[in-house]
Amino acid sequence: MDFLQVVALAVVQGVTEFLPISSSAHLILISHFAGWQDQGLAFDAAVHLGSLVAVLVYFRRELADVAESALHLRRDASTALLGRIVVATLPVVVAGALFKPWIETELRSIEVIATSTIAFALALWWADRRGGEERDENALTVSQAALIGVAQAMALVPGTSRAGITITAALLLGLSRQGAARFSFLLAIPAIAGAALLSAADAATDAHAPAWDDLAIGFALSALCAYACIAAFIALVQRTGMTPYVLYRIALGTLLLLFL
């Protein structure tokens, strides 16, 4: 990998992972149009770990409360939140085990990305227009968490956006914009950790030695960009709403369809 590819892919991963615009679609598209060779599983693991560190650092206080309550076997808001995250993670684990190989070979085309980018942008716009209530992530019931988890499983299709579809579902279930974003980002922790572990496990069987300097740069840039995006999105989303991301997605999907 040359330096430009390392920087571009790391920044794109960090910026798009937590915005409702689909990181997988952007990573596929940038490599496709730039004509780059596949970056390799070791690099995928590094940039995912960078994004994971960013969300862990941002939610460090909440996660510390969850860990303390879990260790002391307390039944409080923190352990209830942990339970909802676990419930919401199960559908994507099952769907990934059943369908991910097929999705990776059959649904990575530009046509699929363009269509899902536009379709789920409209779903996000509709959910945002309906308006969430003043409820945060702690107000979710177990059944509502499960529904958000089912929505997250749909994000295996490139262009859907894991953040976008989970925020859409949370808004439709009555969460505020900030509450929907916060639950989406907390839900990203097991999802990103799982993706990073799978990439690392597959990379471990690769006979080629990884370029450690590329991995270090990718990890650092992904972490910095992801943290900045999380902080900015949560701070601004109540005022800006989802319209900027919806318009961007519709413009991107339309350009892709015109290109085809």
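For segment 158-212, a tally of residues being surrounded by 17 or more Cβ atoms within 10 Å (Cβ to Cβ), more than 15 Å from the chain's Cα centre (by Cα) and within 23 Å of His32 (Cα to Cα) returns 2. Sub-8 Å Cβ pairs linking a first residue in segment 104-116 that is over 13 Å from Leu252 (Cα atoms) to a second residue that is of a type outside the set (Lys, Arg) and part of a helix (DSSP H, G or I), at least 6 apart or interchain, are Arg108/Ile28, ordered by first then second residue. Please count how many residues of segment 124-158 are in contact with a Gly (Cβ under 8 Å, 6 or more places away or on another chain) and without any contact (Cβ under 8 Å) to a residue 60 or more places away in the chain. Counting residues in segment 124-158 that are in contact with a Gly (Cβ under 8 Å, 6 or more places away or on another chain) and without any contact (Cβ under 8 Å) to a residue 60 or more places away in the chain gives 7.
Scanning segment 221-260 for residues that are crowded, with 16+ Cβ neighbours inside 10 Å, of a type in the set (Gly, Ala, Ser) and under 20 Å from Phe33 (Cβ atoms) gives a single hit, Gly253. For segment 210-242, which residues satisfy the criterion of being over 22 Å from Ala8 (Cβ atoms) and free of Cβ contacts under 8 Å to residues at least 24 places away in the same chain? Selection gives Ala235, Leu236, Arg239, Thr240.
Of the residues screened, Arg108 is not one that is closer than 17 Å to Val142 by Cβ and not in a helix (DSSP H, G or I). When each of Gly96, Gly83 is tested for being farther than 21 Å from Leu156 by Cβ, of a type outside the set (Ser, Thr, Tyr) and either modelled with pLDDT of 90 or more or under 21 Å from the mean Cα position of the chain (by Cα) (or both), the lone residue that passes is Gly83. Going by what's in this entry, would Arg129 be described as outside any helix (DSSP H, G or I), at pLDDT below 95, surrounded by fewer than 21 Cβ atoms within 10 Å (Cβ to Cβ) and not polar (S, T, N, Q)? So Arg129 does not fit the description; no.
The values are calculated or read from the model by the stated rules, or taken from the named source; none is laboratory data. Nothing here was measured: the structure is a model prediction, and the numbers come from that model. A quick note on method: Cβ atoms are made from the backbone with ideal geometry, for glycine too, and the neighbour counts reach across all protein chains shown.
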